[in-house]
Amino acid sequence: MGTHSGSGDHALAVGGRDLAGSEVHSVFAQVMGLVALTVACTALGAYVGRNLPGGVGIAFFAGALVCVVGLNIAASHAHEQRAVGLLFGLGACIGLAVAPLLASYAQARPGALWDAAGTTALFVGALGTLGYATKRDLSSWARTVFWALLALIAVGIVGIFLAIPSYDIIYSALGLVIFGGFTVVDFNRLRRADAASSVAIAAGIFLDIFNVFLLLLELFGGGRE
């Protein structure tokens, strides 16, 4: 799959054409810049909404879902600026949705927030590096981890109604395995992505980071409230 351009730069075949090494690095920088800005929007949303009642989170999660659908539609029609705006809107909605939860941890267990944030950085950094460094196309894994995610959601619904010993630890551990898989796949996609798909991949990586953070927060915070 790898070839060499006339200048000797490494190239990747994407969609029937080759991406030069310089373009690969450019797309990587663009995606990670978008991810960083989206995380900043989440932090801002969490700060602004810290005094909101917990029930409003459902509305903001619904808004986040609308942003995900919208940005994928916009990206598929080459409306890059609109897609980027919806990506940042996604980050803000997520921050507002979890603001009351984070505020409660900040008051009762502030150490859990820092532990979860630091471990998330290490977790995503390690698995992201693995996915990006893997030359093999891992897109076939996406369906497997997606079905595993649906199974995890089903387990979560069952856990609402049944008292299962060590449920929180089991659920969080399974979730970390699944979103670890998503992280590997998304960074592997980034390895062979072009600029046109940068917003969609940034959204995927951001959601990986967010879910890993929440799962680790549940572990470090001693389980669900």
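Every residue, every condition in (1) acidic (D, E); (2) touching a residue at least 40 places away in the same chain (Cβ under 8 Å), yes or no:
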position: D186; (1), (2): yes, yes
position: S197; (1), (2): no, yes
position: N211; (1), (2): no, no
position: L216; (1), (2): no, yes
message: So L219 passes all but one of these: (1) loosely packed, with under 12 Cβ neighbours inside 10 Å; (2) closer than 24 Å to G95 by Cα. Which condition number does it fail?
response: (1)
- request: Tell me which residues, restricted to the range 73-90, are crowded, with 16+ Cβ neighbours inside 10 Å, in a helix (DSSP H, G or I) and not basic (K, R).
  value: A74, A75, A83, V84, G85, L86, L87, F88, G89, L90
- prompt: For the range 181-200, what are the residues that are in contact with an Asp or Glu (Cβ under 8 Å, 6 or more places away or on another chain) and surrounded by 22 or more Cβ atoms within 10 Å (Cβ to Cβ)?
  reply: F182, T183, D186, N188, V199
- prompt: If you check L102, L19, which single one turns out to be over 23 Å from F220 (Cα atoms), at pLDDT below 95 and out of contact with any Ser or Thr (no Cβ under 9 Å at 6 or more places or on another chain)?
  reply: L19
- prompt: Taking interchain pairs and intrachain pairs at least six residues apart, which have beta carbon atoms under 9 angstrom, with the first residue in the range 43-56 and free of Cβ contacts under 8 Å to residues at least 12 places away in the same chain and the second part of a helix (DSSP H, G or I)?
  reply: G55/P100
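The values are calculated or read from the model by the stated rules, or taken from the named source; none is laboratory data. Being a predicted model, the structure only gives us computed values, none of them experimental. Cβ: placed from backbone, ideal geometry, glycine included. Neighbour counts: every protein chain shown.
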